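A short reminder: the numbers here are calculations on the coordinates, not readings from a lab. Everything quoted here is computed from the prediction, not taken from an experiment. For neighbour counting, all protein chains shown are included, and Cβ atoms are generated from backbone atoms with ideal geometry for every residue, glycine included.
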Amino acid sequence: MNETKKRIIEAAITLFTEKGFHGTPIQEIAVQAGISKGAFYLHFKSKDALQVEIFRYYTSLIQEEMERAVAPGLSAEENFRRQTEVQIAQMQRHIDFIIMVIREQAFSLNPELIRFIEELRVSQADWYRDQLTSIYGEAIRPYTHDIYVITEGIKSHYMQQFISNPQALNPETLTDLIVRMTGQAAEGFLGGTLRPLLDDETLRALFSGLFPEEEEPEDVSGVIEAMRTTLCGLAIPRATAQYLQSTLDFLETQAAAGAGADRTAINGALSVFRPYPAFRDSLQEMKEKFALADE
């Protein structure tokens, strides 16, 4: 990654943390990074594209450090401990990124970022499976998803507790606690004192409920086009109009996804139009075409 692109990412993190994603114009990011607005567009086609790249950048930093932490001569358990400590230390070092993720929900309308986060979760779950089977053998495999959720939950909530004073956190101490709790969870599942909540059958049922197999929603291009026409007739600030236009673009990508459309994200996108009575009929049509439940 070149130095200018890195400066843009780090400037955006600072500003998104302070003002939020939608509250930060591209011009301000460019000024913070010491470049022109035109130079920004040489590196990123949009603010949404920058947001995705921020996640990729920080994820790659952590992954590279974790790979360097592995020592072939050490046991699987010790390497798991070393990699866990790297994760915590990197999160502590880049606390602005953690704050942005916690406070900013705008990425729910960015389909590319949604895909990246889902891929990252799968990758993390696979990493836990590989680490745990290396330590405990194949017998632990049915319980790895539960242990992944338990371990990541502990790590995430401790990081949030220290978010106002990250330097007070000792990564080694938290790592020891996480490794100990991971071991206790593994022993509990293997010994039969704990029952998994996320076995294969339950996971299939959960995902079946979230992404039901059904016919593709009816074509909604006509409704979206009608919403664009309505939007043109509204007397609202330019920035608001641009935001609503980008939301309609997102709805079009979801319509094109057919049965794979993310209905939770669609609901979130439609909610930004609810303050405007002119969209009432169109919103009802969209709910029907996407088979969305009434709120």
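Worth pointing out:
- Take the Cβ atoms of Glu18 and Arg141, set R0 to 25 Å, and the FRET efficiency comes out at 0.05.
- Options Gln32, Gly188, Tyr158, ranked by Cα towards positive dipole end of the chain, top entry (Cβ charges): Gln32
- Full extension of the segment from Arg238 to Glu225, taken as 0.36 nm per residue of separation minus the current Cα-Cα distance, would add 2.8 nm.
- Dipole in debye (nearest 20) - segment 221-289, about Cα centre, beta carbon charges: Lys, Arg +1; Asp, Glu -1: 200
- Inter-probe distance in nm under a simple model that places probes 7 Å from Cα toward Cβ, at Glu112 and Ala49: 0.6
- Remark: spin-label model distance Arg56-Ser75 equals 4.0 nm, labels positioned 7 Å along the Cα→Cβ axis.
- A simple charge model with +1 on the Cβ of Lys and Arg, -1 on the Cβ of Asp and Glu and nothing else charged puts the dipole of the chain at about 1120 debye relative to its Cα centre.
- If R0 equals 30 Å, the separation of the Cβ atoms of Ile26 and Glu152 corresponds to a calculated FRET efficiency of about 0.35.
- With the simple model of a label 7 Å out from the Cα in the direction of the Cβ, Met1 to Gln124 spans 1.9 nm.
- Counting only whole DSSP H helices of the chain, the ones at least 20 Å long by C-alpha along their axis and with mean Kyte-Doolittle hydropathy no lower than -0.5 are 3-19, 111-136, 171-191, 238-256.
- 12 Å beta-carbon shell around Tyr58, net charge (K/R +1, D/E -1): -2
- Were the residues from Lys289 through Lys37 laid out at 0.36 nm apart, the gain over their Cα-Cα distance would be 86.7 nm.
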